[in-house]
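Each remark here refers to the structure printed beneath this line.
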Amino acid sequence: MSLFSCVLVGNESLLIQCAELVRQGGNSINAVVTRNADIRQWAQGLGLRIEKPGPDLASRLTDVDFDWLMSIANLSVIDQALIDKAREGAINFHDGPLPRHAGLNAPVWAILGREKQHGVTWHLMQGGIDEGDILKQKLFDLAPHETALTLNTRCYEAAIESFGELLADLQGGQLQRRPQDLSQRSYHARLDRPAAAARIDLARPAQDVLALIAALDHGSYWNPLCVPKLEIGGRVLAVGSATLETDATAVPPGQVVEATMGGLVVGTGSTAVRLTGLRDMSGQAVCPTTLAKPGDRLALPDAESGQQLTETLARVVAGEAAWRRCLQAPEPVELPSVAAGGRQPDLRPVRLALPASLDGSRLASVVAAWAARISGRASLDLAWRASGAPRLPGYFSSWVPLRLSAGNDALFGDFERQLTTALEAVRRHPAFALDLVLRDPTIRSLSVPQVGVNEEAGAIEGCALTVALSGTHGPTLWFDAGRLPEAAAQELAQRLQRVAEALTAADAASVALGKLTLMSATERQRVLYDWNNTRCDYERQTCVHQFFEQQVRRTPDATAVVFEGESLSYHELNRRANQVAHQLATMGVRPGTLVGLYTRRSLDLLVGALAIQKAGGGYVPLDPAYPADRIALYIEDSGAP
């Protein structure tokens, strides 16, 4: 038996399973290349060297000698310089039966192609992508009702089984190489997607409809391609699963046979199918009874609209990874006085009188700088609509999340260059597929940023405030009066005016964003002095908690307190404080009783303080950050029971 050393490259749990087999055989792992946190943690626990993928990987591994390079569940092309470092060669795992279905997402394309058989392949990394000699291959028949989820699971199992056989060959020095018959090759690129953005065509045979839905069913895992969609009544809905209705009466394609809570039964080009798990693009379940009734005829898609969907998705899909990262961890601008969305927007314009010298890219930079300044954030997302962005509601967004870094010390010149670079990506990929929210379980919801910038005329749907850079009357600020008071919108427009005036100066490039003046003299007087002129007469016999209760009666639904993104209305705060006060009273708190209040700064701190006063006691503040002996002294000294 001949032992070997290796470097492993990959980002899925399959790498760990195969690596354990390598170690159990007595072989050595000289480095693990991954960006996966779980794999890194596993490797750290074993004291293995860890590197991140990157174009300079080979140079970072110049001091590492190894026999085999093994690419396991790795979706990135490996640099030839790293392949050349392996003394014996480089081996790649592929989740398809090469030469069929080379490239990415092989299980999906196999189901879409109505294949009868699938498999996995371990092959040498030689020639083009997935073209090297086959070392091990395990084939199996596709089961009825196979989905992407079940087929990926079977590929995982076959990978581990066949890897054990490959290890035996490597250690025995008996590699069994078999050249691929490249005349049988099919290839799927990373950005390939199903036609028409996976819109279901009910004119197709039922088996084709079922194959499309099953091929894109990844369960609760990340779906890298599309969600199958049905267009009905002007809505675009995701379809979770489908079954044949062999007992249903033959009906024309698109005719509704049944619309119940058990699903939507509709005719196809052959047999009727039952469609279930219907959701809108926000992920909300949709009951079929609200969509149609038996006898209704659903419109069948035409070739022209299908081609438009295909071409639009091909245009924007390369930008999906960047927009996905922003949607996973939003950096929202939170304007004061903005109410939640959900109701029909009431859009109103505010005409902007900006300096005439502002146009083109400089106008965009000034508006972005204003947004950064009013946000007070070091990093922020704007909803940006590029000129010529697709208008296919239900399928694609009309905006993308443009992320900018904007600390107070950032110079406008640097900020402007950053924006120029960011806008190049926006204009190349000006939208994302709306089903991204359904495909990525780490995206909680599609939250449109409060502030948007439209390179065309009009407002961006979902934004509380949009600055349109062009239009009949020039740049215009649009606001949703149902979410933002007109006075606040006018004030924000005036602030934009002041920022614009400041950034038309000759030395604008050297101006720090944090130094941009937002307030007029009148507003400054109001904020610093008028609002702070709070002197008033009060009832001397009224306690603090009683004043609070008076405010509860006046404005029960208004926000009373906000802490780290959480908030309570006056009613909610009063209710919680009352509950605690009743509990304290049952514990013996009476007027004059001292109660230790031991909690960090939080909503609970305010609840507790009010509750103690409501019960008649006085609170003794005890900071958990203090040493235990100091806290004990406070309790002893105060005599709080």
**Study point:** Residues being surrounded by fewer than 17 Cβ atoms within 10 Å (Cβ to Cβ), closer than 30 Å to V451 by Cα and in contact (Cβ under 8 Å) with a residue 60 or more places away in the chain - total across the stretch 283-309
**Key:** 2
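Specify the residue that is surrounded by the fewest Cβ atoms within 10 Å (Cβ to Cβ); the eligible residues are those in the stretch 271-282 that are among the polar types (S, T, N, Q) and in contact (Cβ under 8 Å) with a residue 60 or more places away in the chain.
Filtering the stretch 271-282 for residues among the polar types (S, T, N, Q) gives 271, 276, 282.
Still in the running and in contact (Cβ under 8 Å) with a residue 60 or more places away in the chain: 271, 282.
Numbers: T271: 18, S282: 10.
The qualifying residue surrounded by the fewest Cβ atoms within 10 Å (Cβ to Cβ) is S282.
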Practice item. Pull up the stretch 354-383, narrow it to residues that are in a loop (DSSP other than H, G, I, E, B) and hydrophobic (A, V, I, L, M, F, W, C), then point me to the one that is farthest from G471 (Cα to Cα). Key: A378
Exercise for review: Could you tell me whether L584 is more than 30 Å from S337 (Cα to Cα) and either touching a helix residue (DSSP H, G or I) at 6+ places or on another chain (Cβ under 8 Å) or outside any strand (DSSP E or B) (or both)?
Suggested key: yes
Study note, to complete from the structure: Picked from the stretch 587-603 (must be in contact with a helix residue (DSSP H, G or I) (Cβ under 9 Å, 6 or more places away or on another chain) and either at pLDDT 95 or above or under 17 Å from Y634 (Cβ atoms) (or both)), the residue most open to solvent (accessible area, probe 1.4 Å) is Y598
Check your understanding: Has the stretch 223-231 got at least one residue that is in contact with a helix residue (DSSP H, G or I) (Cβ under 7 Å, 6 or more places away or on another chain), at pLDDT 95 or above, crowded, with 16+ Cβ neighbours inside 10 Å and of a type in the set (S, T, N, Q)?
Key -> yes
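With the condition being open to solvent by 10 Å² or more (accessible area, probe 1.4 Å) and closer than 25 Å to L175 by Cβ, I'd like the helices (runs of 4 or more DSSP H) fully within the stretch 18-95 carrying at least 2 qualifying residues. Steps first, please.
Values: elements: 37-45, 57-60, 80-85.
So the answer is 80-85.
Take I635 and decide whether it is in contact with an Asp or Glu (Cβ under 9 Å, 6 or more places away or on another chain), assigned to a helix (DSSP H, G or I) and either aliphatic (A, V, I, L, M) or under 30 Å from P330 (Cα atoms) (or both).
Here the answer is no, as I635 does not meet what is asked.
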Review point. Are any of the residues in the stretch 363-384 touching a residue at least 60 places away in the same chain (Cβ under 8 Å) and surrounded by fewer than 17 Cβ atoms within 10 Å (Cβ to Cβ)?
Key: no
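Over 21 Å from F396 (Cα atoms) and out of contact with any Pro (no Cβ under 9 Å at 6 or more places or on another chain) - does that describe any residue in the stretch 220-232? Outline the logic, then answer.
So in the stretch 220-232, the residues over 21 Å from F396 (Cα atoms) come out as 220-221.
Checking the rest, the ones that are also out of contact with any Pro (no Cβ under 9 Å at 6 or more places or on another chain) come to none.
Within the stretch 220-232 (the criterion being over 21 Å from F396 (Cα atoms) and out of contact with any Pro (no Cβ under 9 Å at 6 or more places or on another chain)), the answer is no, since none of the residues qualifies.
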Practice item. Filter the stretch 209-242 for residues that are outside any loop (DSSP other than H, G, I, E, B), more than 17 Å from A106 (Cα to Cα) and either among the aromatic types (F, W, Y) or in contact with a Ser or Thr (Cβ under 8 Å, 6 or more places away or on another chain) (or both) and give the result. Key: V209, L210, S241, A242
Check your understanding: How do the pairs read when you match residues in the stretch 244-258 that are under 14 Å from P288 (Cα atoms) and touching a residue at least 12 places away in the same chain (Cβ under 8 Å) with residues anywhere that are β-branched (V, I, T) and part of a loop (DSSP other than H, G, I, E, B), using Cβ under 8 Å and keeping only pairs 6 or more apart or on different chains?
Key -> V257/T249; V257/V251
Exercise for review: Answer yes if at least one residue in the stretch 172-181 is within 24 Å of M125 (Cβ to Cβ) and surrounded by 18 or more Cβ atoms within 10 Å (Cβ to Cβ), and no otherwise.
Suggested key: yes
Review point. Counting residues that are open to solvent by 30 Å² or more (accessible area, probe 1.4 Å) and hydroxyl-bearing (S, T, Y), which helices (runs of 4 or more DSSP H) fully inside the stretch 386-503 reach at least 1?
Key: 412-428
Review point. Regarding T268, is this residue assigned to a loop (DSSP other than H, G, I, E, B), more than 30 Å from A406 (Cβ to Cβ) and open to solvent by less than 40 Å² (accessible area, probe 1.4 Å)?
Key: yes
Check your understanding: What are the residues in the stretch 504-563 that are over 40 Å from the mean Cα position of the chain (by Cα), open to solvent by less than 40 Å² (accessible area, probe 1.4 Å) and touching a residue at least 12 places away in the same chain (Cβ under 8 Å), if any?
Key -> H545, F548
Exercise for review: Pick out the one residue from A110, A73, A106 that is touching a Gly at 6+ places or on another chain (Cβ under 8 Å), touching a residue at least 12 places away in the same chain (Cβ under 8 Å) and at positive phi.
Suggested key: A73
Check your understanding: Name the pairs: first residue in the stretch 333-353 and part of a strand (DSSP E or B) and among the β-branched types (V, I, T), second residue modelled with pLDDT of 90 or more and open to solvent by less than 70 Å² (accessible area, probe 1.4 Å), Cβ to Cβ under 6 Å, at least 6 apart or on different chains?
Key -> V350/L477; V350/A489; V350/A493
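The values are calculated or read from the model by the stated rules, or taken from the named source; none is laboratory data. Keep in mind the model is a prediction, meaning the values are calculated, not measured. Glycine gets a Cβ as well: all are built from the backbone with ideal geometry, and neighbour counts include every protein chain shown. These accessible areas exclude ligands, DNA and RNA; they are computed on the full protein's heavy atoms, side chains included. Shrake-Rupley method; radii C 1.70, N 1.55, O 1.52, S 1.80 Å.
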